[in-house]
1. Of all trypsin sites (Lys or Arg not before Pro) in the range 1-37, which ones are in loop regions per DSSP and have a Cβ with at most 16 other Cβ atoms within 10 Å?
2. Please compute the modelled spin-label separation between LEU19 and SER97, points set 7 Å along Cα→Cβ, answer in nm with one decimal.
3. Cα centroids of the range 1-57 and the range 75-122: how far apart, whole angstrom?
4. Taking the Cα centre as origin and putting +1 on Lys and Arg beta-carbons and -1 on Asp and Glu beta-carbons, what dipole magnitude results for the chain, to the nearest 20 debye?
5. If you consider only alpha-carbon coordinates, what radius of gyration and Dmax does the range 17-70 have, in Å?
6. So what is the relative contact order of the chain, in percent, for Cα pairs below 8 Å that sit 6 or more residues apart?
7. Among the listed pairs LYS62/LYS131; LYS3/LYS123; LYS18/LYS76; LYS18/LYS77; LYS41/LYS123, which are separated by more than 29 Å between their Cα atoms?
8. Taking Cα pairs under 8 Å and at least six residues apart, what relative contact order does the range 1-70 come out at, in percent?
Amino acid sequence: MKKYKTLEECLADQPEDKLSQINMLRRVILEAEPRLVETLKWNAPNYSQGSEDRITFNLMNKQGLVKLVLHMGATKKENNNGTPILQADEGIVEWNSDIRGTIAFYDASDVRRKISAVKQVIKGWLALSTK
């Protein structure tokens, strides 16, 4: 697996169809909260709110999909069997624990279909406290 040194290098190495999905989602995330800081984490775009990582792309998965991982950084303990902290998930989040969920996208059309729901989920997610 290639290890990217910069976000720009990561993006430049993506196939065109995947890059289209990534860029649509990057715009949605930053429109939802313009103060997020975009960095590289897990070899993919990552968004921090204050000092906490909150949303990270998963571009290297068995399915070859573009995924968004909603999480609360490393400071909050998660419960794998707990009730998801975000109830208004628009039916698009697959919960891995009470504070970590994933949204999967199959192609650019799927991103466009889910764009409104993704905006709502991201706004709700970022409104939650990580403390």
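1. Hits after loop and neighbour filter: LYS2, LYS3, LYS5, ARG35.
2. Between SER97 and LEU19, the simple spin-label model gives 3.5 nm.
3. The range 1-57 and the range 75-122 have Cα centres spaced 17 Å from each other.
4. The calculated dipole for the chain is roughly 200 debye.
5. Rg, Dmax (Cα atoms, Å): 10.9, 32.
6. So the answer I get is 22 percent.
7. Cα-Cα > 29 Å for LYS62/LYS131; LYS3/LYS123; LYS18/LYS76; LYS18/LYS77; rest within.
8. 21 percent.
All of the numbers you see were taken from the coordinates with simple rules; none came from a lab. For clarity, every value in this text was computed on a predicted model and none was experimentally measured. We place every Cβ from the backbone using ideal geometry, glycine too, and count neighbours over all the protein chains shown.
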